[in-house]
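Chemist: Here's a structure for you.
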Amino acid sequence: MEFDFLNKNVLVTGSSRGLGRAIAQRFAGSGARVVIHYHKNRQAAEETLADLPGGPHLLVQADVSDPTSVERMVDTVLSATGRIHVLVNNAGIFEEYPMLELTYEQWQEKWERTIRTNLLGPANTSFCLIQHMKKQGGGKIVNISSRGAFRGEPGEPAYGASKAGLNSLSQSMAVALAPYNVFIYVVTPGFIDTDMTAKMLSGPEGDAIRGQSPLGRVAQPEEVARTVVFLASEGTDYLTGCIVDVNGASYLRS
Ligand code: NAP
C-alpha cells in the first residue's frame, strides 16, 4: 500500500462516478473506510460501492446544493462512522451555455445552480464537519476545484467563478483551522476523461482540447485521484492552504 488509511473514515462527495469514484477506489485501496455519496444516480453509486476493496463502506445520498440535505448527510455519516478523518468535496456541475443567447432569467438560474452546487455545497459540507473535526483532534479537507478558476471559463463563467471562490474559501479556512489540526488542500485539474467532458471530448473540439497539454491527451481520473490521496495522507500538514495543479502543463502559472 502506497499510503496507509487503515482505521480512517473518508467521505467523498460525488463518488458515484467520474473523478469521485476514482478517489474513492484509491482511498479504499489504501485501507480507508469510504463513504460513497451520490445525488441522483443510485445505481452508479451502488456499482462503485460494490467494486471497492476492504470495507465495510457506506452509501449516502444528498443534494449538496441544499443546505438541509447536506446537514442530514453529515449527521447520517457521523452517526454511522463516529468520525470523518478526511472530507473530499468533489461533487460538482459544469453546464456550458452561450452567454449572449440566454435570457436574464436563464442567466440567473445557471448562476444560482452552479454557485449553490460548486461553492455553497463544499462550504456547507465543510461547515457541518469542522466542529467535529476540531473536537476529535483534527481532520483534512481536499477541495476539487479547477484550472478554470485561473484560466477563465468563457462557455461557463459561473463555473470559473465558483471554483475561484472555492480556492479562496479553502485558503481562508486553512488559516482559520490550522490551530485545530484541520488542514485544507485544493486540487485544480485540467480536463479529465469523465461524463462531465464526454460530449466535448468526442465532439469537434476534442482534438484541440487534447492538444492543450503537451502530453497530447487529457487526464485519467486515477491520475488526479493519486494527488488527492497524497494530500490527505500523513505528513502533509505543512502543505495546508496549497493549490495543486494537475493539468498536464496545459496552463502554467507561477
Ligand atoms: P461527473 O462525472 O459529472 O460526476 C459528478 C458527480 O457529482 C456525480 O457523482 C454526481 O452525482 C455529483 N453531483 C452533481 N450534482 C450534485 C448535487 N447537486 N448534489 C450532490 N452531488 C452532485 O463529474 P467529474 O468530472 O467527475 O467532476 C468531479 C469534480 O471535478 C467536479 O467538482 C468538477 O468540477 C471537477 N473537475 C472536473 C474536470 C473534468 O474535466 N471532468 C476538470 C476540472 C475539475 P450523481 O452521479 O448522483 O448525479
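Quick note: the coordinates plus some simple rules give every number you see, no bench work behind them. Note that the structure is a prediction, hence the values are computed from the model and not measured. Note that we place each Cβ from the backbone using ideal geometry, even for glycine, and neighbour counts take in every protein chain shown.
Chemist: Considering the dipole of the range 9-246 built from charges on the beta carbon (Lys and Arg +1, Asp and Glu -1) around the Cα centre, which of Thr240, Leu100, Ala123 is farthest to its positive end?
Modeler: With unit charges placed on the Cβ atoms, the residue in question is Thr240.
Chemist: Which of Ser65, Ser162, Ser202 moves most in a GNM of the chain, Cα contacts under 10 Å?
Modeler: Ser202
Chemist: With charges set only on the Cβ (+1 for Lys and Arg, -1 for Asp and Glu), what does the dipole of the range 88-155 come to about its Cα centre, in debye to the nearest 20? Kindly include the intermediate steps, with their values, before the conclusion.
Modeler: Numbers: 8 positive and 7 negative charges, 134 e Å.
I would put it at about 640 debye.
Chemist: Ok, one more. Could you line up Lys8, Lys134, Lys140 from fewest to most neighbouring Cβ atoms inside 10 Å? Mind dumping the intermediate values first?
Modeler: Working: Lys8 22, Lys134 15, Lys140 25.
With the fewest neighbours first, Lys8, Lys134, Lys140 line up as Lys134, Lys8, Lys140.
Chemist: On to the next question. Any chance you could tell me what percent of the C-alpha pair distances in the range 69-116 go past 16 Å?
Modeler: Values: 653 of 1128 pairs.
Of all Cα-Cα pairs in the range 69-116, 58 percent lie more than 16 Å apart.
Chemist: Step through the residues of the range 35-49 one at a time and calculate ³J(HN,Hα) from phi using the Karplus curve (6.51 cos²θ - 1.76 cosθ + 1.60, θ = phi - 60°), rounding each to whole Hz and writing x for Gly and Pro.
Modeler: Taking θ as phi minus 60°, the curve returns 9, 7, 10, 9, 9, 10, 9, 4, 4, 4, 5, 5, 5, 4, 4 Hz for the range 35-49.
Chemist: So for the range 143-254, averaging the separation of alpha carbon pairs under 8 Å that are six or more residues apart and normalising by length, what relative contact order in percent results? Please list the in-between numbers first.
Modeler: Details: 144 pairs, mean separation 36.6, N = 112.
That works out to 33 percent.
Chemist: Continuing with the same structure: For the range 69-82, in order, what is each residue's ³J(HN,Hα) by Karplus, 6.51 cos²θ - 1.76 cosθ + 1.60 with θ = phi - 60°, in whole Hz (x at glycine and Pro)?
Modeler: So the Karplus estimates, Gly and Pro as x, are 5, 5, 4, 5, 4, 5, 4, 4, 5, 5, 6, 7, 10, x Hz.
Chemist: Could I ask something else about it? Do the sum for the chain: with -39,500 (n - 2.57) for every DSSP H run of n ≥ 4, divided by all residues, what is the mean residue ellipticity at 222 nm, to the nearest 500 deg cm²/dmol?
Modeler: On the way: 10 runs with 114 residues, N = 254.
Calculated from helices alone, the mean residue ellipticity at 222 nm is -13500 deg cm²/dmol.
Chemist: What list of whole percents do you get for P(r) of the range 175-254, with Cα-Cα distances grouped in 5 Å bins up to the one holding the largest distance?
Modeler: 3, 14, 21, 19, 15, 11, 9, 5, 2, 1
Chemist: In addition: Is the shape of the range 14-83 best called rounded, prolate or oblate, per the rule: a/c under 1.5 gives rounded, else a/b larger than b/c gives prolate, else oblate, with a ≥ b ≥ c the square roots of the Cα gyration tensor eigenvalues? Please list the in-between numbers first.
Modeler: Working: a/c = 2.11, a/b = 1.30, b/c = 1.62.
The shape class here is oblate.
Chemist: Does anyone have the angle between helix 121-135 and the longest principal axis of the chain? Alpha-carbon axes, 0 to 90°, nearest 10?
Modeler: Tilt of helix 121-135: around 20 degrees.
Chemist: Ok, one more. Of Met200, Met73, Met133, which is the most mobile in a GNM of the chain whose springs link Cα atoms less than 10 angstrom apart?
Modeler: Fluctuation is largest for Met200.
Chemist: Would you work out which of Ser79, Gln61, Pro157 lies farthest towards the positive end of the dipole of the chain, given +1 charges on the beta-carbon of Lys and Arg and -1 on that of Asp and Glu, about the Cα centre?
Modeler: Ser79
Chemist: Moving on. Go through the range 101-117 residue by residue and turn each phi into a ³J(HN,Hα) via Karplus (6.51, -1.76, 1.60, θ = phi - 60°); whole Hz please, and just put x for glycine and proline.
Modeler: Rounded to whole hertz, the list is 9, 7, 6, 4, 5, 5, 4, 5, 4, 4, 4, 3, 5, 5, 5, 4, 7.
Chemist: Tell me, what is the percent relative contact order of the chain, built from C-alpha pairs under 8 Å that lie six or more residues apart?
Modeler: Details: 492 pairs, mean separation 48.6, N = 254.
Once divided by the residue count of the chain, the mean separation gives 19 percent.
Chemist: Taking a ≥ b ≥ c as the square roots of the Cα gyration tensor eigenvalues, with a/c under 1.5 meaning rounded and otherwise prolate when a/b beats b/c, else oblate, which class fits the range 98-164? Show your work: numbers first, answer last.
Modeler: Values: a/c = 6.50, a/b = 2.23, b/c = 2.91.
Oblate.
Chemist: Residues with amide H under 5 Å of Val246's amide H, sequence separation 5 or more or different chain, H placed in the peptide plane at 1.01 Å from N; which?
Modeler: For Val246, the qualifying residues are Thr188, Gly190.
Chemist: So, one more: In straight Cα distance, which lysines are under 28 Å from Lys8, not counting same-chain residues fewer than 8 positions off?
Modeler: Once the sequence-local lysines are set aside, what remains near Lys8 is Lys40, Lys134, Lys135, Lys140, Lys163.
Chemist: Taking the alpha carbon gyration tensor of the chain, what are the square roots of 5 times its eigenvalues, largest first, to the nearest whole Å? List each step's numbers first, then the result.
Modeler: Details: eigenvalues 152, 81, 71 Å².
That gives 28, 20, 19 Å for the three semi-axes.
Chemist: While we're looking at this one, here's another question. List the residues whose amide H sits under 5 Å from the amide H of Ile36, counting only those 5 or more places along or on another chain, with H placed 1.01 Å from N in the peptide plane.
Modeler: Leu58, Leu59, Val60
Chemist: Here is a further query. Charges at C-beta only: +1 for Lys and Arg, -1 for Asp and Glu. How large is the resulting dipole of the chain about its Cα centre, in Debye rounded to 20?
Modeler: Numbers: 23 positive and 26 negative charges, 126 e Å.
Dipole of the chain, to the nearest 20 debye: 600 debye.
Chemist: Treating only the Cβ of Lys, Arg, Asp and Glu as charged (+1, +1, -1, -1), what charge dipole size does the range 1-114 show about its Cα centre? Round to the nearest 20 debye. Could the numbers behind the result be given before it?
Modeler: Numbers: 11 positive and 15 negative charges, 109 e Å.
That gives the range 1-114 a dipole magnitude of about 520 debye.
Chemist: Applying a 10 Å radius around every beta-carbon, put 121-127, 85-91, 49-55 in order of their mean neighbour count, most first.
Modeler: Highest-to-lowest ranking by the protection proxy: 85-91, 121-127, 49-55.
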